[in-house]
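Have a look at the structure below, then the notes.
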Amino acid sequence: MNLKAVILIAGLGRFAIDETIIRQYRQLLESPDLPPTAQLQVQTLLSDGISFFNKMTNGSIQPLDRYMSMYSKYWIDWINITKNGFKSAARTNVSAFVLRGTADTNVTAEDFEALKLATQSVPGSSALAPPNLDHMLAEPGTTTVSPTVLDHLSAWLKNLP
């Protein structure tokens, strides 16, 4: 197979998934719109997550330990993949299109900038951070990808070296 390009959509480039999940739960707890029952659920997920990921860090995690119904091996693999997002992207030797909506609360601007930096040396690479689009690259209140994204992506594909 002759790979000509890659598209990195709303990807983790700087922060691993464990850091991302903990950050997201902390942000959610700050929301004044979160009902008290949901607040308790999120606080439990946050506390359990901190405890679980600390066990991973200090080496006391066991194979049957679980967080969010997933065993530790799953989390170990996912953390290893996401903590090396920047390094993996930097090894790309084909054009890359890095994409993240500015209203994305799952992937940070720092993740986006790390992936953009990692891929910019390859000819034909590009990055796009359209304003006010969420993690699904949709306008607020909608569920379809913004036409702006599709237009930029289409133009990039047509102009690949």
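The values are calculated or read from the model by the stated rules, or taken from the named source; none is laboratory data. Remember, predicted model here, so these are calculated numbers, not experimental data. Glycine gets a Cβ as well: all are built from the backbone with ideal geometry, and neighbour counts include every protein chain shown.
Miscellaneous remarks
- Within the stretch 113-147, tally of residues that are surrounded by 15 or more Cβ atoms within 10 Å (Cβ to Cβ), out of contact with any strand residue (DSSP E or B) (no Cβ under 7 Å at 6 or more places or on another chain) and at pLDDT 95 or above: 3
- Candidates T37, T20: the one that is more than 25 Å from D111 (Cα to Cα), among the β-branched types (V, I, T) and outside any loop (DSSP other than H, G, I, E, B) is T37.
- Enumeration of residues in the stretch 72-115 that are within 20 Å of L46 (Cβ to Cβ) and outside any helix (DSSP H, G or I): T105, N106, V107, T108
- Residue selected from the stretch 55-111 under the condition among the small types (G, A, S) and in contact (Cβ under 8 Å) with a residue 60 or more places away in the chain, by the criterion surrounded by the fewest Cβ atoms within 10 Å (Cβ to Cβ): S95
- Condition met for L28 (closer than 22 Å to G101 by Cα, hydrophobic (A, V, I, L, M, F, W, C) and touching a Gly at 6+ places or on another chain (Cβ under 9 Å)): no
Residue-wise test of (1) in the same structural domain as M136 (by TED's automatic domain parsing); (2) out of contact with any helix residue (DSSP H, G or I) (no Cβ under 8 Å at 6 or more places or on another chain); (3) surrounded by 11 or more Cβ atoms within 10 Å (Cβ to Cβ); (4) hydrophobic (A, V, I, L, M, F, W, C).
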| position | (1), (2), (3), (4) |
| --- | --- |
| Q24 | no, yes, yes, no |
| E30 | no, yes, no, no |
| T37 | no, yes, no, no |
| S47 | no, yes, yes, no |
| F53 | no, no, yes, yes |
